[in-house]
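Participant: Take this structure, written in structure tokens, and hold onto it; I'll ask about it next.
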Amino acid sequence: MVRSKVNSASKPNLSIEINDFHAIRHAKIDIGGITVVTGVNASGKSTISRLLYYTLYYSNRYEELIRPDYNLEIGSLTLITSAIFESLFRRCAQSNNETQVRGMIQDLSLSDFSKFDLAKYESDFKYIVGYFDNCKPSPLDRSRLSKYLRRPIDTSEVFWSEFSNMPKRASQIMERFQSDLNDRSRDPFEYLIHAEFGFLDDPEKLDFQVKEVYAEGNNDNFIVSHDLNDLGIATSIDQVYYVDTPMVLNSGELRFAPRHWDNLLDSLYLMPQIDSEPMQLISPIRRSFVSIIGGFPSLKKEAMRFRSSSKFQFTDSQSGETFSLKEAATGVKSFSILYLLLERGLLNEHTLLIIDEPEVHLHPQWIVEYAKLVAILNRVLGVKFLIASHSPDFVETLEILSDEKMTSEPVKFYLGQRLEGDSKATFKRCSDIEPIFKEFNVAIDKKYRLYGNGEN
């Protein structure tokens with residue numbers, strides 16, 4: 001298995017293959033243009049969405065995957081350093097350079113990994129140690145350092161010998177971080193997947209792979225595979241967003257939101273508005289949104305630095321009235337997420353939108369309109385979509401648009417079914433939507449058998 005050098009002129013499609021994981025027996029899903037996945041409840045559609053999302057997100061943001069552990073290490077080191085220096089300062093501060101030393105100590109206590117400057121830490125540490133050259137550490141100082149190093153610190157000589165090595169320890173942490181960043185081990189990614197799916201106590205084997213497939217005969221670019229020890233880099237996708245509920249727009253104040261909510265909200269709040277996309281492409285799409293939902297969402301300019309759901313607002317196109325988007329119908333929020341991503345310049349040929357059941361909060365006509373907008377974003381801007389849906393209206397609309405060549409390429413449809421005697425689902429590609437509608441009808445028949453058909 002070989003990683004390919006990417007040909008910038010080629011446009012690969014994505015492929016995800018999953019075996020015996022969670023509710024899935026087997027799934028091989030190709031993603032390029034628009035891909036729709038359907039099937040009975042608990043067949044693994046969300047599992048496909050989440051695995052693909054985490055793979056692509058951390059493929060291009062591997063540092064975020066390993067940073068938390070290094071945050072703890074650097075945080076512990078700077079915390080013990082500043083605590084000991086504070087203790088020494090209270091007992092041994094000198095009149096000369098007192099303010100400067102106090103400022104250096106405060107800077108140390110504010111350090112975290114993302115802002116950590118090793119050269120400054122080494123320089124300040126050396127200066128402060130020289131400032132306290134004749135100061136004897138207290139028993140509490142020795143105890144603090146002993147707990148940090150996990151070995152006895154019995155004398156002042158041992159204390160200063162060990163404490164003076166803190167810059168060296170900081171340097172070693174940074175070297176390990178850079179080494180891990182270069183190696184891109186798959187282990188942290190597997191740990192995250194097990195944590196997200198609740199398998200930390202009893203890890204389930206991860207037998208899945210995600211790759212980029214090139215039509216020109218180039219070698220496939222494997223991003224994750226059970227045969228590889230590292231996590232590859234996605235070359236065709238820069239931004240991936242996973243929308244599993246429009247209520248994410250109401251979650252700005254949550255401290256512990258799901259990772260994919262944080263990613264989406266951070267992009268909507270913190271990314272600058274981009275005007276590079278030709279206005280002749282975007283303006284008609286904006287007008288389509290406005291004509292459907294009767295207005296347009298926006299973000300208050302003063303909200304750029306602070307996340308709060310109350311900062312999203314909606315302006316009625318007829319009355320001109322503006323009110324909080326929290327007060328708008330949930331269906332309006334569904335369209336608003338797409339509009340805000342468009343408005344922020346985040347939708348292009350390098351974007352993958354993963355959406356779970358967009359029809360849930362939409363009435364039948366809006367389901368059709370939503371499908372039309374998906375097709376427009378795909379055809380005009382090149383946005384790729386992976387959509388899980390139970391809606392016959394949504395599926396049929398996309399098939400019609402695909403047949404009329406209103407999408408960048410034919411829409412791919414997949415159906416997940418539990419084969420006889422198997423509790424897990426197998427996903428297969430459908431050449432048309434007839435098997436999907438047959439599955440929908442089977443679901444209706446089951447309802448009639450369980451509850452009757454309404455006749456007395």
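Participant: Give me the net charge for the shell around Gln365: Cβ to Cβ below 15 angstrom, other residues only, Lys and Arg +1, Asp and Glu -1.
Facilitator: My count for the surroundings of Gln365 gives -3.
Participant: By the scheme Lys and Arg +1, Asp and Glu -1, what is the net charge of all other residues having a beta-carbon under 12 Å from that of Ala42?
Facilitator: +3
Participant: For the stretch 89-103, just list the computed ³J(HN,Hα) in residue order, Karplus coefficients 6.51, -1.76 and 1.60, θ = phi - 60°, integers in Hz, with x standing in for Gly and Pro.
Facilitator: Calculated HN-Hα couplings, in order: 5, 4, 9, 10, 4, 9, 5, 7, 6, 4, 5, 4, 5, 4, x Hz.
Participant: Do the sum for the chain: with -39,500 (n - 2.57) for every DSSP H run of n ≥ 4, divided by all residues, what is the mean residue ellipticity at 222 nm, to the nearest 500 deg cm²/dmol?
Facilitator: The helix contribution divided over the chain gives -14500 deg cm²/dmol.
Participant: So how compact is the stretch 126-193: Cα radius of gyration and Dmax in angstrom?
Facilitator: Values for the stretch 126-193 (Cα only, Rg and Dmax): 17.0, 52 Å.
Participant: Assuming R0 = 41 Å, what is the FRET efficiency of Asp316 and Asp432, from their Cβ-Cβ distance, to the nearest 0.05?
Facilitator: Once rounded, the FRET efficiency stands at 0.50.
Participant: Let me ask something else about it. Which label marks the calculated value of Cα extents along the principal axes in Å, given the options (1) 92, 58, 57; (2) 68, 51, 42; (3) 72, 68, 47?
Facilitator: The value computed from this structure is option (1).
Participant: On to the next question. Please compute the modelled spin-label separation between Gln94 and Arg286, points set 7 Å along Cα→Cβ, answer in nm with one decimal.
Facilitator: Distance between the two pseudo-spin positions: 6.4 nm.
Participant: To the nearest 0.05, what FRET efficiency results for Met406 and Asn71 with a Förster distance of 45 Å applied to their C-beta separation?
Facilitator: Computed FRET efficiency for Met406 and Asn71 comes out at 0.45.
Participant: How tilted is helix 259-270 with respect to the longest principal axis of the chain? Cα atoms for both, answer in degrees (0 to 90, nearest 10).
Facilitator: For helix 259-270, the angle is close to 80 degrees.
Participant: Using a Debye calculation, one point per C-alpha and no hydration shell, please list log10 I(q)/I(0) for the stretch 364-403 at q = 0.29 Å⁻¹ in order.
Facilitator: With no solvent term, the Cα-only Debye profile gives -1.08.
Participant: So how much slack lies between Ser156 and Asn134, counting 0.36 nm per residue of separation and subtracting their Cα-Cα distance, in nm?
Facilitator: Computed gain between Ser156 and Asn134 is 6.8 nm.
Participant: Could you tell me the calculated FRET efficiency between Lys120 and Asp30, based on Cβ-Cβ distance and R0 = 51 angstrom, to the nearest 0.05?
Facilitator: Efficiency at R0 = 51 Å is approximately 0.55.
Participant: In percent, what relative contact order does the chain have, based on Cα pairs under 8 Å that are 6 or more apart in sequence?
Facilitator: That works out to 24 percent.
Participant: What is the P(r) of the stretch 34-133, as percent of Cα-Cα pairs per 5 Å bin from 0?
Facilitator: P(r) for the stretch 34-133, in whole percents per bin: 2, 11, 17, 14, 10, 8, 7, 6, 6, 5, 5, 4, 3, 2, 1, 0.
Participant: Still on this model: Can you bin the stretch 3-84 into rounded, prolate or oblate? Criterion: square roots of the alpha carbon gyration tensor eigenvalues sorted a ≥ b ≥ c, rounded for a/c under 1.5, prolate for a/b above b/c, oblate for the rest.
Facilitator: Because a/c hits 1.5 or more and a/b fails to exceed b/c, the stretch 3-84 counts as oblate.
Participant: Starting from the Cα gyration tensor of the stretch 74-206, take the square roots of the eigenvalues, sort them a ≥ b ≥ c, and report rounded, prolate or oblate (rounded when a/c is under 1.5, otherwise prolate if a/b is larger than b/c, else oblate).
Facilitator: prolate
Participant: Given H placed on each backbone N at 1.01 Å, which residues far from Asp207 in sequence or on other chains put an amide H within less than 5 Å of it?
Facilitator: Asn19
Participant: What GluC sites (Glu not before Pro) in the stretch 327-409 are in a loop by DSSP, with at most 10 other Cβ atoms within 10 Å of the Cβ?
Facilitator: For GluC sites (Glu not before Pro) across the stretch 327-409 that sit outside H, G, I, E and B with at most 10 neighbouring Cβ atoms in 10 Å, the list reads Glu404.
Participant: Still on this structure: I'd like the orientation of helix 166-183 relative to the chain: the angle between its Cα long axis and the longest Cα principal axis, in ° from 0 to 90, rounded to 10.
Facilitator: It works out to around 20 degrees.
Participant: Considering only the other residues whose Cβ falls under 12 Å of the Cβ of Ser114, what net charge follows from Lys and Arg at +1 and Asp and Glu at -1?
Facilitator: Charge balance near Ser114 sits at -2.
Participant: Taking the chain as the reference, fit the longest principal axis to its C-alpha atoms, fit the long axis of helix 434-451 to the helix C-alpha atoms, and give the angle between the two in degrees, 0 to 90, nearest 10.
Facilitator: 90
Participant: Could you list the square roots of 5 times each eigenvalue of the Cα gyration tensor of the stretch 302-395, that is, the equivalent ellipsoid semi-axes, sorted largest first and rounded to whole Å?
Facilitator: Whole-Å semi-axes of the equivalent ellipsoid: 24, 18, 12.
Participant: Let me know the shape class of the stretch 319-362, please: from the alpha-carbon gyration tensor, a ≥ b ≥ c as square roots of the eigenvalues, rounded when a/c is under 1.5, otherwise prolate if a/b is greater than b/c, or oblate.
Facilitator: In terms of gyration-tensor shape, oblate.
Throughout, read-outs are computed from the coordinates displayed, never taken from laboratory work. Note that this is a predicted model, so its numbers are computed, not measured. In this analysis, Cβ positions are derived from the backbone assuming ideal geometry, glycine residues included, and neighbour counts consider all displayed protein chains.
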